[in-house]
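Colleague: What follows is a structure written as structure tokens; I'll ask about it next.
The values are calculated or read from the model by the stated rules, or taken from the named source; none is laboratory data. In this text the structure is predicted, and so the values were computed from the model without any measurement. Glycine also receives a Cβ, built like all others from the backbone with ideal geometry; neighbour counts cover every protein chain displayed.
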Amino acid sequence: MENYIIEMNNIRKEFPGVVANDDITLKLQKGEIHALLGENGAGKSTLMSILFGLYTPDKGEIKKNGEVVNIKNPNDANDLGIGMVHQHFKLVEVFTVLENIILGAEPTNLGFLTTKETRKKVIELSEKFNLRVDIDAKIEDISVGMQQRVEILKMLYRENEILIFDEPTAVLTPQEIEELMKIMRVLIKEGKSILFISHKLNEIMSVSDRVTVLRKGKGIGTVNVKDTNINQLSEMMVGRKIEGIEKGKNKASNEVILKVENLVVPSKIHKNNAVNDISFEVKAGEILCIAGIEGNGQSELVYGLTGLEKITSGKVTLLDKDITNKSIRERNLTGLSHIPEDRHKFGLVLDFKLKYNLTLKKYFQEGFQNHGFINEEMIKKHSERLIKEYDIRSGRGANTIARSMSGGNQQKAIIAREIDCESKLLVAVQPTRGLDVGAIENIHKTLVLERDKGKGVLLISLELEEVLDISDRILVMYNGKIVAELDPDQTTFQEIGLYMVGAKIQDKFKATEVPAND
Amino acid sequence: MIDFKFWKKSSKTDKKDNKDKEYAFLSAVISIVVGLLVAIMLLFLLELVAPNSDFSKPILGIKKYFTYSFTSTSTFFKIFYNAAPLMLTGLAVGFAFKAGLFNIGATGQYAFGAFFALVAAILWQFPWWAALLVSIVAGAIWGVIPGLFKAFFNINEVITSIMLNWAGLYLANLLFYNLPAMHTVLPNRTDNLAFANPSAILPNFGLNQLLNTSYINIGIIIAIVVAVIIYIVLEKTVFGYEIKACGANRNASLFAGIKTKSTIIFTMLISGGLAGLAGGIVYLAGTVEFTVESHLLAMGFNGIPVALLAYSQPLAIIATSIFIGFLESSGSGLQGLYSYEMTSVILSVIIYFSAFALIVGHFIKKILKRRKNSKNDQDNETSSDLGIVPEAKPRDDEQIDQKEVVE
């Protein structure tokens, strides 16, 4: 008999309209990294929320070391030694690292906080597990990678032995992912057991021992990573073979869709300019990709182009029309669609029904309104067509509140709305962030299709694979400037990486460089 | 409760919408009942500590409180007389809520509107409808100032509108002193409209003599018509769509090309205008005169519970303002038994608890959800079309988990 530290047997959890978990069994051995693989909506998060006590299962039992346990809330889970790093960190931004680690388990003496002992303990832990953190820095000042290490330290400080990582790599740079993998291996050596939720196959292959695959709420099976390969896993996850993107030939014509000249956008974080004198063109029929590590001015570049933020200087021309100082609506009507980076902040009105979200860029047009009155019939018809065409799934169709939809379907809704505008320029910022393989494939296909229709696509992405897979031309951004222009067919992962971290600058971009004034 | 039926009719689209509205209605009723019970307990408690306890007194008081409004046509019509301005200030607050703004300055806009209605009536000898228009404009001007600050400098509208409450009231006082033609009879009270300008008194079509009450006029009709107009604006028009989008997510609205700044400004303009109109309706009734006040007028603040209790729904505001109007006019029933302060305490307790309607609604949903879950255990076939659980608005910290799970 094998030694399971956690067993979840025949778990079933139903939400109105959906069975999120249907008879799922998951067994975690002591000292292993066990991956939980599945598309968005496969039920991974629900299963882990049950283990962590956020939900109670409708059926099934949870055993720890062979004994049935009843986990009613996260405190119970903590008492059993189960800790979780959530995808979106639960940290107090204005507190220091140490304050965050002890939060909820503050050591006190007669009601006064005593941090001396704790400080020692946290430093010991961070050294033992090689978790580099700046213990007195405030959370808002440290990098995402370090924030994640703080979350891990939080679990270790509470002496948890079962660690759940919910999509831990979604927010990290390639280097940070490497480091996280190392940390996970150290944790295992020290006797912890890890449940690792992911849909990134290569990460799972490189770090985990066994993997359990979920699909549409059902358990598909558990396999040893040694005995499997990426293709088999992806087939198990999606239920069919994944075809690579056939991006076809570069169809770029000479028609210039977007022309950016000497664009300067100020930064909200530091005194220097976030976008510092950038010029480029997007031609009809090409996917131009801007690669770079997060925070090198890509977001601000998009804000400047789309009018969400004021620019300092420069000129933006869309379809031969100067839109530098035009309003957002004028830009949109001139021919600009925008799939935003933050779909909750900019993309959707979460408390609105799906139909109103799908018409957010149309409602003011003739037909959707008559003399200032909203034409409900038209809105309904229009949104139902988009729902069908783009296969947007939701509990109650056009009347679903956007907040209650899954991330993938929220993104589909945004893409449907933006592409339906028939704009000549499509700006897509990390359109596949946090989505699963099937959804990513779909979005990539859509982007290629739009390109083939003769549109210009400006893709901003942090995922190098995506950059190499679907772009026709790559610009690398570093520190607010473009440092390289590359041909995806003739460059490599490593080469782009060097430009991304600023280790190399192409000669033609050096000429315009002005010394940084920091 | 007229509007409750209206709700049902208007939302034929969706079963769940009705469900939500039933919860809202239920929670409002429960909050009110709890408020009443606490008020009654308070009366008994006071009697307990009184030197010579007489427990028949609170019972008599409660009885009087609830029957008083129905003892004469005058007391009955006073309900609606009170309700009209409450409805309008409630609409002012609720309308701003829809755009994500908290117009706590309704009382200042109310005072401003009231004063200028009288200026128009007494000094300029305007007829009633023109004086009402002046009150709207005055309130709107006072309301748009916080809107401008919010739109252009992102200064919190709560702070600016609170300060403008005092500024508005004292500016009205100052103007009052500097316009001696408005108070020829008494030094700190405007002249009675019956003498100064009878054409400025809101028409009542002779009903005042027929029903023997001075508390009847077209104010309540105007208020209800305005409520219906606001409902149509919010629910049926492009402007209303933009207001609600701005209220729910200003960034996404900006992204979609909505001019969020002008939406904020127009919202505050309209909100202020509604509060100003409330002032006009009160002071053009001919029953009260403007006096120099050193503390803020309660009317603007009472709009807040009116709006909260109605979930900011314009049609529901009709009902909640009539209810609170009833509570206010019933207070007079306790005269002789209890002091004026005591009546105010009882009224405030009820209003206070009414504002808990939101929390009560949350509880009801929770209880129903639990009951439904246990039912599901018994018979597994029931597929759910109720949809209470995932679409219940999650608390902020639950949001993420909820969203990811419900796919």
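Colleague: State whether one or more residues within segment A:429-445 are buried (at least 23 other Cβ atoms within 10 Å of the Cβ), within 14 Å of chain B (Cβ to nearest Cβ) and assigned to a strand (DSSP E or B).
Modeller: There is at least one residue in segment A:429-445 that is buried (at least 23 other Cβ atoms within 10 Å of the Cβ), within 14 Å of chain B (Cβ to nearest Cβ) and assigned to a strand (DSSP E or B).
Colleague: Please tell me if A:L98 is assigned by TED's automatic domain parsing to the domain that holds A:T169, surrounded by 15 or more Cβ atoms within 10 Å (Cβ to Cβ) and within 25 Å of the chain's Cα centre (by Cα).
Modeller: Details: assigned by TED's automatic domain parsing to the domain that holds A:T169: yes; surrounded by 15 or more Cβ atoms within 10 Å (Cβ to Cβ): yes; within 25 Å of the chain's Cα centre (by Cα): no.
It is false that A:L98 is assigned by TED's automatic domain parsing to the domain that holds A:T169, surrounded by 15 or more Cβ atoms within 10 Å (Cβ to Cβ) and within 25 Å of the chain's Cα centre (by Cα).
Colleague: Another question, if that's okay. Test A:K72 against the criterion of being touching a strand residue (DSSP E or B) at 6+ places or on another chain (Cβ under 9 Å), away from chain B (no Cβ under 12 Å) and in contact (Cβ under 8 Å) with a residue 12 or more places away in the chain, and give yes or no.
Modeller: No; evaluated as a whole, the condition is false for this residue.
Colleague: Still on this structure, I have one more. Within segment B:110-125, is even one residue buried (at least 24 other Cβ atoms within 10 Å of the Cβ) and closer than 22 Å to B:A319 by Cβ?
Modeller: There is at least one residue in segment B:110-125 that is buried (at least 24 other Cβ atoms within 10 Å of the Cβ) and closer than 22 Å to B:A319 by Cβ.
Colleague: Let me ask something else about it. Would you pick out the residues in segment B:162-198 that are within 28 Å of B:L101 (Cα to Cα) and hydroxyl-bearing (S, T, Y)?
Modeller: Across segment B:162-198, the qualifying residue is only B:Y170.
Colleague: Here are some residues: A:N130, A:N109. Which one is assigned by TED's automatic domain parsing to the domain that holds A:I197, surrounded by fewer than 18 Cβ atoms within 10 Å (Cβ to Cβ) and out of contact with any helix residue (DSSP H, G or I) (no Cβ under 7 Å at 6 or more places or on another chain)?
Modeller: It is A:N109.
Colleague: Here is a follow-up. Consider segment B:324-349. How many of its residues are of a type in the set (A, V, I, L, M, F, W, C) and under 11 Å from B:G90 (Cβ atoms)?
Modeller: 1
Colleague: Sticking with this one: Can you name the residue in segment A:79-95 that is more than 14 Å from chain B (Cβ to nearest Cβ), closer than 23 Å to A:I139 by Cα and of a type outside the set (D, E, K, R) and is also surrounded by the fewest Cβ atoms within 10 Å (Cβ to Cβ) among such residues? Walk me through how you get there before you give the answer.
Modeller: Initially, segment A:79-95 is screened for residues more than 14 Å from chain B (Cβ to nearest Cβ), giving A:79-83, A:93-95.
Next, from what is left, pick out any that are closer than 23 Å to A:I139 by Cα: A:83, A:93-95.
Narrowing further to those that are of a type outside the set (D, E, K, R): A:83, A:94-95.
On the way: A:G83: 24, A:V94: 10, A:F95: 15.
Of everything passing the filter in segment A:79-95, A:V94 is surrounded by the fewest Cβ atoms within 10 Å (Cβ to Cβ).
Colleague: Look at segment B:285-312 and say how many of its residues are under 17 Å from B:F102 (Cβ atoms) and not β-branched (V, I, T).
Modeller: Residues in segment B:285-312 being under 17 Å from B:F102 (Cβ atoms) and not β-branched (V, I, T): 12 in total.
Colleague: Does segment A:170-192 contain at least one residue that is outside any helix (DSSP H, G or I), surrounded by 18 or more Cβ atoms within 10 Å (Cβ to Cβ) and more than 20 Å from the chain's Cα centre (by Cα)? Spell out how you get there, then give the answer.
Modeller: The first filter runs over segment A:170-192 and keeps only residues outside any helix (DSSP H, G or I), leaving A:170-173, A:190-192.
With the extra rule that they be surrounded by 18 or more Cβ atoms within 10 Å (Cβ to Cβ), the set shrinks to A:171-173, A:192.
Going one step further and asking which of them are more than 20 Å from the chain's Cα centre (by Cα), we end up with A:192.
Yes, because at least one residue in segment A:170-192 is outside any helix (DSSP H, G or I), surrounded by 18 or more Cβ atoms within 10 Å (Cβ to Cβ) and more than 20 Å from the chain's Cα centre (by Cα).
Colleague: I want to confirm something. Restricting to segment B:248-293 and keeping residues that are of a type in the set (S, T, Y) and not in a loop (DSSP other than H, G, I, E, B), which single residue is farthest from the other protein chains (Cβ to nearest Cβ)?
Modeller: First, the residues of segment B:248-293 that are of a type in the set (S, T, Y): B:253, B:260, B:262-263, B:267, B:271, B:283, B:287, B:291.
With not in a loop (DSSP other than H, G, I, E, B) added as a condition, the list becomes B:253, B:260, B:262-263, B:267, B:271, B:283, B:291.
Working: B:S253: 7, B:T260: 10, B:S262: 11, B:T263: 12, B:T267: 16, B:S271: 19, B:Y283: 33, B:T291: 42 Å.
Filtering segment B:248-293 for residues that are of a type in the set (S, T, Y) and not in a loop (DSSP other than H, G, I, E, B), the one farthest from the other protein chains (Cβ to nearest Cβ) comes out as B:T291.
Colleague: Can you tell me which of A:I269, A:I293, A:I204 is under 21 Å from the mean Cα position of the chain (by Cα), among the hydrophobic types (A, V, I, L, M, F, W, C) and either assigned to a loop (DSSP other than H, G, I, E, B) or modelled with pLDDT under 85 (or both)?
Modeller: It is A:I293.
Colleague: Now for a different question. Could you list, in sequence order, the residues of segment A:411-423 that are buried (at least 20 other Cβ atoms within 10 Å of the Cβ) and in contact with a helix residue (DSSP H, G or I) (Cβ under 8 Å, 6 or more places away or on another chain)?
Modeller: A:Q411, A:K412, A:A413, A:I414, A:I415, A:A416, A:R417, A:I419, A:S423
Colleague: Going by the conditions given, is B:F102 in contact (Cβ under 8 Å) with a residue 24 or more places away in the chain, surrounded by 19 or more Cβ atoms within 10 Å (Cβ to Cβ) and of a type outside the set (D, E, K, R)? Steps first, please.
Modeller: Details: in contact (Cβ under 8 Å) with a residue 24 or more places away in the chain: yes; surrounded by 19 or more Cβ atoms within 10 Å (Cβ to Cβ): no; of a type outside the set (D, E, K, R): yes.
Taking the combined requirement at face value, the residue does not satisfy it.
Colleague: Related question: Go through the residues of segment B:202-212 one by one and say whether even a single one is of a type in the set (A, V, I, L, M), touching a Ser or Thr at 6+ places or on another chain (Cβ under 9 Å) and facing another protein chain (nearest Cβ under 8 Å).
Modeller: No: zero hits.
Colleague: State which residue pairs qualify: first residue closer than 30 Å to B:I122 by Cβ and touching a residue at least 40 places away in the same chain (Cβ under 8 Å) and inside segment B:149-177, second residue of a type in the set (D, E, K, R) and outside any helix (DSSP H, G or I) in any location, beta carbons under 9 Å apart, and separation of 6 or more residues or different chains.
Modeller: From residues that are closer than 30 Å to B:I122 by Cβ and touching a residue at least 40 places away in the same chain (Cβ under 8 Å), the pairs are B:L169/B:E293; B:A172/B:E293; B:N173/B:E293.
Colleague: Can you name the condition, by its number, that A:L358 falls short on among (1) in contact (Cβ under 8 Å) with a residue 12 or more places away in the chain; (2) facing another protein chain (nearest Cβ under 7 Å)?
Modeller: In the conditions (1) in contact (Cβ under 8 Å) with a residue 12 or more places away in the chain; (2) facing another protein chain (nearest Cβ under 7 Å), A:L358 misses (2) alone.
Colleague: In segment B:288-322, what residues are in contact with a helix residue (DSSP H, G or I) (Cβ under 8 Å, 6 or more places away or on another chain) and among the β-branched types (V, I, T)?
Modeller: Scanning segment B:288-322 gives B:V288, B:V292, B:I304, B:V306, B:I317, B:I318, B:T320, B:I322.
Colleague: Something else: Can you tell me which residue within segment B:230-247, out of those that are under 18 Å from B:S271 (Cβ atoms) and aliphatic (A, V, I, L, M), is farthest from the other protein chains (Cβ to nearest Cβ)?
Modeller: The initial filter retains those residues of segment B:230-247 that are under 18 Å from B:S271 (Cβ atoms), namely B:230-235, B:237, B:239-247.
This time we only want the ones that are aliphatic (A, V, I, L, M), so: B:230, B:232-234, B:243, B:245.
On the way: B:I230: 15, B:I232: 8, B:V233: 9, B:L234: 11, B:I243: 12, B:A245: 5 Å.
Applying the filter and picking the extreme gives B:I230.
Colleague: Considering segment B:334-359 alone, what residues qualify as being among the small types (G, A, S) and surrounded by fewer than 22 Cβ atoms within 10 Å (Cβ to Cβ)?
Modeller: Within segment B:334-359, B:G336, B:S339, B:S344, B:S348, B:A355 meet the criteria.
Colleague: Condition first: within 12 Å of another protein chain (Cβ to nearest Cβ), assigned to a helix (DSSP H, G or I) and crowded, with 20+ Cβ neighbours inside 10 Å. Now tell me which residues in segment A:365-410 satisfy that.
Modeller: Of everything in segment A:365-410, those that are within 12 Å of another protein chain (Cβ to nearest Cβ), assigned to a helix (DSSP H, G or I) and crowded, with 20+ Cβ neighbours inside 10 Å turn out to be A:I379, A:A398, A:A402, A:R403, A:S404, A:G407, A:G408, A:N409, A:Q410.
Colleague: Turning to a different aspect of this structure: Given (1) part of a strand (DSSP E or B); (2) loosely packed, with under 15 Cβ neighbours inside 10 Å; (3) polar (S, T, N, Q), where does A:N21 come up short, assuming only one miss?
Modeller: Of everything listed in (1) part of a strand (DSSP E or B); (2) loosely packed, with under 15 Cβ neighbours inside 10 Å; (3) polar (S, T, N, Q), A:N21 misses just condition (2).
Colleague: Look at segment A:2-17 and say how many of its residues are more than 8 Å from every other protein chain (Cβ to nearest Cβ) and assigned to a strand (DSSP E or B).
Modeller: Residues meeting the conditions: 10.
Colleague: Given the conditions (1) at the interface with chain B (Cβ under 9 Å from one of its Cβ atoms); (2) within 27 Å of A:A503 (Cβ to Cβ), report the number of the one that A:S299 does not fulfil.
Modeller: Here A:S299 meets the rest and fails (1).
Colleague: Taking A:I339, is it facing another protein chain (nearest Cβ under 9 Å) and either buried (at least 23 other Cβ atoms within 10 Å of the Cβ) or in contact with a Ser or Thr (Cβ under 8 Å, 6 or more places away or on another chain) (or both)?
Modeller: Here the answer is no, as A:I339 does not meet what is asked.
Colleague: Okay, moving on. Restricted to segment A:18-57, and to residues that are among the charged types (D, E, K, R) and closer than 21 Å to A:L80 by Cα, which residue is nearest to the other protein chains (Cβ to nearest Cβ)?
Modeller: A:K44
Colleague: Can you give me the ranges of the helices (runs of 4 or more DSSP H) entirely in segment A:69-168 with at least 1 residues that are in contact with an Asp or Glu (Cβ under 9 Å, 6 or more places away or on another chain) and under 30 Å from A:I11 (Cα atoms)?
Modeller: Answer list for segment A:69-168: A:144-157.
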